[in-house]
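The values are calculated or read from the model by the stated rules, or taken from the named source; none is laboratory data. Since we're looking at a predicted model, the values are computed, not measured. Note that we place each Cβ from the backbone using ideal geometry, even for glycine, and neighbour counts take in every protein chain shown.
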Amino acid sequence: MSDYKIALVTGASAGFGLEIAKVLASNGFKVIAAARRLDKLEALKDLYPSLILPLELDVTDNAAVEKALDSLPFEFKDIDVLINNAGLALGVDRAQNCNLNEWNVMVDTNIKGLLNVTYKVLPSMIKRNFGYVINLGSTAGAWPYTGSNVYGATKAFVEQFSRNLRCDTQGTAVKVTVIKPGLCSDTEFSNVRLHGDLDKVKAVYQDTKAITPKDIADTVLYLVNTPAHVNVNEMELMPVCQTYGGLSVTRKLDFNKR
Ligand code: NDP
Ligand code: 8X3
């Protein structure tokens with residue numbers, strides 16, 4: 001049984017976040033389940049009525065984050081575990097063909113949203129000398145690929161911010177981990193990224209056995225059960241069917257073409 005009792009999971013209406021909330025609640029956690037789609041969170045609450053607190057929240061709206069977290073009921077107030085999971089990718093085009101608004105949405109959600117929530121929750125953990133911040137990065141934060149441009153860069157931010165949080169929490173019992181998954185299926189991620197083009201979504205996972213939300217939720221469960229003196233800094237997970245790409249070379253590149 002984990003020493004931690006209360007978790008805030010952002011992006012709990014789908015994918016990893018939904019499964020993390022379920023697994024934590026199944027293991028006795030009180031879970032503040034945050035996302036924009038309240039109906040999905042209410043459905044989650046129906047499964048664990050006394051353990052789930054649905055919280056309609058857009059993490060990009062800092063005023064809303066402040067207000068929501070200041071208004072938590074007493075029994076959910078002291079957040080022990082923060083799972084910064086809300087995030088998204090938009091598009092797979094090369095940078096020169098991208099949509100600036102989509103870049104900004106990724107920055108606002110994956111970087112600023114994560115900061116808004118962390119900024120609000122971390123001080124109480126430090127004050128209580130007790131807590132755990134788990135951030136969802138991605139293999140895309142470390143390993144570049146065509147079309148990853150801003151998405152990968154936001155996840156590189158998450159990775160380095162997590163490392164820097166380890167430095168800033170030094171001297172306290174607060175833990176920080178960044179989980180960096182690779183190819184994962186059974187979430188809405190590719191549907192969002194590919195703007196609902198189901199054929200393209202299907203092609204992403206065709207003939208693979210990708211990581212599932214359950215794999216990620218079990219990883220979180222493992223982390224929150226590590227001994228108090230152990231900090232797992234980073235976890236990079238890929239399905240066995242995925243591995244690193246090689247460096248890419250264009251042969252016979254025409255420098256004179258204008
Ligand atoms: P999903 O699209 O299935 O879920 C994303 C969740 O984030 C949803 O609950 C969504 O809820 C929430 N969300 C999005 N924007 C906001 C916002 N502005 N405010 C609050 N909540 C928001 O994606 P995954 O579960 O696959 O991904 C979860 C995390 O894991 C992301 O950070 C993603 O980058 C990362 N990741 C995913 C991988 C994958 O292949 N699936 C691999 C590596 C990392 P709602 O729309 O209701 O607000
Ligand atoms: C999601 C993994 O490979 O689609 O973060 O970028 S990938």
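Have a look at ALA35, ALA95 and point out the one that is away from ligand 1 (no atom under 16 Å from the Cβ) and within 24 Å of SER190 (Cα to Cα).
ALA95
Taking every residue in the range 13-42 that is outside any loop (DSSP other than H, G, I, E, B) and pairing it with any residue that is surrounded by fewer than 24 Cβ atoms within 10 Å (Cβ to Cβ) and of a type in the set (S, T, N, Q), at least 6 positions away or on another chain, the pairs with Cβ-Cβ distances below 6 Å are GLY15/THR187.
If you go through the range 44-59 and keep only what is of a type in the set (A, V, I, L, M) and in contact with a Pro (Cβ under 9 Å, 6 or more places away or on another chain), you end up with LEU44, LEU53. The requirement of being within 24 Å of PRO213 (Cα to Cα) and of a type in the set (A, V, I, L, M, F, W, C) is fulfilled nowhere in the range 65-74; no residue meets it.
Considering every residue within the range 52-59, establish whether at least one is farther than 19 Å from ALA14 by Cβ and touching a Leu at 6+ places or on another chain (Cβ under 7 Å). No, there is no match, as no residue in the range 52-59 is farther than 19 Å from ALA14 by Cβ and touching a Leu at 6+ places or on another chain (Cβ under 7 Å).
When ASN191, ASN233 are checked against the criterion of being modelled with pLDDT of 95 or more and exposed (fewer than 14 other Cβ atoms within 10 Å of the Cβ), a single residue qualifies: ASN233. Looking across the range 32-53, the residues that are under 18 Å from the mean Cα position of the chain (by Cα), buried (at least 21 other Cβ atoms within 10 Å of the Cβ) and under 22 Å from VAL192 (Cα atoms) come down to ALA33, ALA34, ALA35, LEU41.
Just the residues that are surrounded by 19 or more Cβ atoms within 10 Å (Cβ to Cβ) and in contact with a strand residue (DSSP E or B) (Cβ under 8 Å, 6 or more places away or on another chain), please, taken from the range 54-67. PRO54, LEU55, LEU57, VAL59 - these are the residues of the range 54-67 that are surrounded by 19 or more Cβ atoms within 10 Å (Cβ to Cβ) and in contact with a strand residue (DSSP E or B) (Cβ under 8 Å, 6 or more places away or on another chain). Take the conditions out of contact with any strand residue (DSSP E or B) (no Cβ under 8 Å at 6 or more places or on another chain), modelled with pLDDT under 95 and not aromatic (Phe, Trp, Tyr) and apply them to GLY245. Does it pass? Criteria met by GLY245.
Tell me yes or no: at least one residue of the range 13-31 is closer than 20 Å to LYS112 by Cα, crowded, with 24+ Cβ neighbours inside 10 Å, modelled with pLDDT of 95 or more and aliphatic (A, V, I, L, M). So far as the range 13-31 goes, no, none of its residues is closer than 20 Å to LYS112 by Cα, crowded, with 24+ Cβ neighbours inside 10 Å, modelled with pLDDT of 95 or more and aliphatic (A, V, I, L, M). Against the criterion of being at pLDDT below 95, over 25 Å from ILE79 (Cβ atoms), surrounded by fewer than 12 Cβ atoms within 10 Å (Cβ to Cβ) and out of contact with any Leu (no Cβ under 6 Å at 6 or more places or on another chain), ARG258 qualifies. Within the range 112-151, the residues that satisfy the criterion of being touching a helix residue (DSSP H, G or I) at 6+ places or on another chain (Cβ under 6 Å), of a type in the set (S, T, N, Q) and either free of Cβ contacts under 8 Å to residues at least 24 places away in the same chain or more than 21 Å from TYR222 (Cα to Cα) (or both) are ASN116, SER148, ASN149. Contact annotation: residue pairs with Cβ atoms under 8 Å, 6 or more positions apart or on different chains, pairing a residue in the range 202-215 that is outside any helix (DSSP H, G or I) with a partner that is surrounded by 14 or more Cβ atoms within 10 Å (Cβ to Cβ) and among the aliphatic types (A, V, I, L, M), are THR208/LEU183; ALA210/LEU183; ILE211/LEU183; ILE211/LEU237; ILE211/MET238. Of the residues in the range 169-179, at least one is within 12 Å of ligand 1 (Cβ to nearest atom) and either within 30 Å of ASN99 (Cα to Cα) or of a type in the set (Gly, Ala, Ser) (or both).
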